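Asker: Here it is, the structure in full.
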Amino acid sequence: NAGVTQTPKFQVLKTGQSMTLQCAQDMNHNSMYWYRQDPGMGLRLIYYSASEGTTDKGEVPNGYNVSRLNKREFSLRLESAAPSQTSVYFCASSEFGEEQYFGPGTRLTVT
Amino acid sequence: GDSVTQMEGPVTLSEEAFLTINCTYTATGYPSLFWYVQYPGEGLQLLLKATKADDKGSNKGFEATYRKETTSFHLEKGSVQVSDSAVYFCALGGGSNYKLTFGKGTLLTVNP
């Protein structure tokens, strides 16, 4: 069991470029989440998908879009990256409100 | 709305010292409570959880008791090790609420 995997691990973008962060889980969980982590801010929820076929905004959705591709995969897209989106991004999954399992993170720098 | 307040860090201790990291919460209903740990450069890992009042979660020598009367879930360990150096997050959620609400994290450094 790989658990939750994320690609890429590191990425540097220029302002205005776009990219997609990929996340996959092999635990057959129904719910998946995207967070960002910034110094002194803890974790903030960007978007989540309670079950396959649904997505909802979290605390900080502006500038992001998501796609729940199937039960395993949940991607996060930055259409036009901004320096304020420099952060560490974590994907997580859970089974309907139980504890969440996190991936190793993607460290994104926007210059 | 739901919220979690945990003690601000950083916390610096010597090896074998006693650890307490305070966590209090505000929530409607009866949430589950969690402690997560994040080692440098890694994602968050579940350390322990409690799903109802008076439950005690425990793992790797860490303990926390779900206290409904004081709305608290303080993390304790009797004797910390250098390898416990990490950031610790308190969180609430579970049940019909799919989302977790996290505290801001407490950085613990344990010196030999």
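Asker: Toward the positive end of the charge dipole of chain B, about the Cα centre and with charges on Cβ (Lys, Arg +1; Asp, Glu -1), which of B:Leu107, B:Ala86, B:Leu33 goes farthest?
Answerer: So the residue we want is B:Leu33.
Asker: Report the dimensions of region B:52-112 along its three principal axes from the alpha-carbon atoms, largest first, rounded to Å.
Answerer: The principal-axis extents, from largest down, are 43, 22, 19 Å.
Asker: Mind pulling the per residue volume of the convex hull built on the Cα atoms of region B:1-105? Å³ is fine.
Answerer: Considering the Cα atoms of region B:1-105, their hull volume per residue is 97 Å³.
Asker: So for the pair A:Ala82, A:Phe96, with labels modelled 7 Å out along Cα→Cβ, what separation do we get in nm?
Answerer: 3.8 nm
Asker: Have a look at A:Gly16, A:Trp34, A:Gln6 and report the one farthest towards the positive end of the charge dipole of chain A, computed about the Cα centre with Cβ charges (Lys/Arg +1, Asp/Glu -1).
Answerer: A:Gly16
Asker: Let me spell out the model: positive unit charges on the Cβ of Lys and Arg, negative unit charges on the Cβ of Asp and Glu, origin at the Cα centre of the protein assembly as shown. What dipole size does that give, in debye rounded to 20?
Answerer: Dipole of the protein assembly as shown, to the nearest 20 debye: 540 debye.
Asker: Can I ask one more? Work out the P(r) tail for the protein assembly as shown: percent of alpha carbon pairs separated by more than 31 Å, whole number.
Answerer: The proportion of pairs with Cα distances above 31 Å equals 21 percent.
Asker: Given that compact globular proteins tend to follow 2.2 N^0.38 Å, what is the ratio of the alpha-carbon Rg of region B:1-40 to that value?
Answerer: 1.49
Asker: What number in nm² do you get for chain A if you take the convex hull of its Cα atoms and divide its surface by four?
Answerer: 6.3 nm²
Asker: Can you tell me what share of the DSSP beta bridges in the protein assembly as shown is antiparallel? A percent to the nearest 5 is fine.
Answerer: 90 percent
Read the figures in this text as sums done on the coordinates, not as results from a lab. Please read all numbers here as calculations on a predicted model, not as lab measurements. Every residue, glycine as well, gets a Cβ built from its backbone with ideal geometry; the counts of neighbours run over all protein chains shown.
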